[in-house]
Amino acid sequence: MTADLLQPITGVDLWHLKLPVVSRRDHGVGTVAGACEVVVVRLTAEGGATGFGEAASWAVFTGSPEASFAALDRYLRPLVLGRPAGDVQAIMADAERAVAHCTEAKAALETALLDLCGRIAGVPVWALLGGRCRDRIPLSVSLADPDVEADLRLVARLREEGVGIVKLKAGVRDHAFDMTRLERLRAEHPDLDLRVDYNQGLSPEEALPRVRDVASFRPAFIEQPVRAPLFDAMARLRDAVDVPLLADESVFGPEDMLRAVRAGICDGVSVKVMKAGGLRRALRTAEIAADAGLAAYGGDMFETGLGHLAGVHVIAAAPAITLGCEFYQARWYLADDILSEPFPVRDGAVRVPDCPGLGHEPDPEALERFAVRTSTREAA
Ligand code: MG
């Protein structure tokens, strides 16, 4: 069985997908409306086994889908073709040197490599990441609809389905609008685990009074009120408010996490495979946070169920990620997900798959239907 991991990778196929979404969403620094875009990569090994991965970017946050596609198509594909499927660490080290940034493309590549290895070896991806510490992950759904009543109707539906955590996206309109939403949510759902995310939406001058007002609603945490590089402003807010402050855009990977710990900018971090540039780097980010006594949360970008699955396997293998996850888009935001089976959510929690690889794979028909660009190449 182990020798099978030495078989060469013979195919690298790419799809740039445009996926319709069910509503507009306003987040601090940007809006998503109409569709979101991801890049899917499929690796094929000589024996016919396949592995899939997804690059989910957001142009105002991590990068563009065009950059992800180009990184995979031009710079990462030559590192993969002909290499043994099991050479994950060697390939990812080369990927780091081959193209700067493009963390979502590297995340897609490592996801596909681990999915492929898991399928060849007959084990789930979480087993390749050190083993499982949990089999269910509490799910948080984000509220970002400019229509408050629509969001409240969504919360009522979510409660019926067992979801007990919501994250309010704030800082897009005026402060009064956010206060009204928080008042309504607290009044109608007093037992809800409520979190607030500014997505960098506040200026350092206006942040403190606004964050203080939000803190009076006792959210579990307040996430990234100011722009990513403003470490001093984050540290001042953390000192001034007694609700935990979470870093998201300020911390992409382990290197940022070390700087964030030293600068004391946060009480916790939103760990994302797409920001970290892969599953193992996401794990390291969470571990550094935990070693410094900070909390960690499983965040995501605008992903399909395939993108979510990479995060699911990381959190399944990460005791440090204790605040649940936000893998809701596949079920509640995309008009249609691309997985062949529904993304596994039950009673307000994501269920960790225990079959080989990621545990689910994309429906080939969906890849063709939503593709705006493809690229196929086999080893010469
Ligand atoms: Mg965030």
* Inter-residue pairs, beta-carbon under 8 Å, first part of a loop (DSSP other than H, G, I, E, B) and in segment 231-249, second within 16 Å of the ligand (Cβ to nearest atom) and hydroxyl-bearing (S, T, Y), 6+ apart -> D248/S270
* Structure fact -> Restricting segment 196-228 to residues that are closer than 19 Å to G30 by Cβ and small (G, A, S), the one surrounded by the most Cβ atoms within 10 Å (Cβ to Cβ) turns out to be G201
* All positions within segment 20-48 that are surrounded by fewer than 22 Cβ atoms within 10 Å (Cβ to Cβ) and of a type in the set (A, V, I, L, M, F, W, C) -> V21, V22, V29, V32, A33, A35
* Structure fact -> S23 vs (1) within 27 Å of the chain's Cα centre (by Cα); (2) part of a strand (DSSP E or B): all pass except (2)
* Structure fact -> Checked V29, V41, V60 against criteria (under 25 Å from E361 (Cβ atoms) and among the β-branched types (V, I, T)); the one match is V41
* Structure fact -> Selection over segment 49-97 where residues are assigned to a loop (DSSP other than H, G, I, E, B) and acidic (D, E) yields a count of 1
* **First in segment 36-52 and of a type in the set (D, E), second anywhere and assigned to a strand (DSSP E or B), Cβ under 6 Å, 6 or more apart** => E37/K18; E46/P8; E46/T10
* To do: Exactly one condition in (1) more than 18 Å from G118 (Cα to Cα); (2) modelled with pLDDT of 95 or more is not met by F302; state its number.
  => (2)
* To do: Kindly establish whether G278 is in contact (Cβ under 8 Å) with a residue 24 or more places away in the chain and either within 16 Å of the ligand (Cβ to nearest atom) or surrounded by fewer than 23 Cβ atoms within 10 Å (Cβ to Cβ) (or both).
  => no
* To do: Could you check A150 against (1) more than 16 Å from the ligand (Cβ to nearest atom); (2) aliphatic (A, V, I, L, M); (3) part of a loop (DSSP other than H, G, I, E, B) and say which number it fails?
  => (3)
* **Within segment 278-380, helices (runs of 4 or more DSSP H) holding 2 or more residues that are not assigned by TED's automatic domain parsing to the domain that holds D135** => 364-370
* Asked: Applying the selection to segment 283-334, what residues are within 16 Å of the ligand (Cβ to nearest atom) and among the hydroxyl-bearing types (S, T, Y)?
  -> T285, Y297, Y328, Y333
* How many residues, within segment 257-275, are within 14 Å of the ligand (Cβ to nearest atom) and either over 25 Å from E54 (Cα atoms) or free of Cβ contacts under 8 Å to residues at least 40 places away in the same chain (or both)? -> 4
* Structure fact -> The residue from D193, D115, D151, D145 that alone is under 23 Å from L279 (Cβ atoms) and either surrounded by 22 or more Cβ atoms within 10 Å (Cβ to Cβ) or in contact with a strand residue (DSSP E or B) (Cβ under 7 Å, 6 or more places away or on another chain) (or both) is D115
* Asked: Residues V163, V214, V196: which one is touching a residue at least 40 places away in the same chain (Cβ under 8 Å) and within 16 Å of the ligand (Cβ to nearest atom)?
  -> V214
* Asked: In this structure, does L5 turn out to be touching a Gly at 6+ places or on another chain (Cβ under 6 Å), at pLDDT 95 or above and in a helix (DSSP H, G or I)?
  -> yes
* **Qualifying positions in segment 169-199 - part of a loop (DSSP other than H, G, I, E, B) and closer than 14 Å to R212 by Cα** => A170, G171, Y198
* So G131 fits all but one of (1) surrounded by 13 or more Cβ atoms within 10 Å (Cβ to Cβ); (2) assigned to a loop (DSSP other than H, G, I, E, B); what number is the exception? -> (1)
* Which one is farthest from the ligand (Cβ to nearest atom) among residues in segment 222-240 that are among the hydrophobic types (A, V, I, L, M, F, W, C) and in contact with a Phe, Trp or Tyr (Cβ under 8 Å, 6 or more places away or on another chain)? -> V226
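The values are calculated or read from the model by the stated rules, or taken from the named source; none is laboratory data. What you are looking at is a predicted structure, and each value in this text was computed from that prediction instead of being measured. For neighbour counting, all protein chains shown are included, and Cβ atoms are generated from backbone atoms with ideal geometry for every residue, glycine included.
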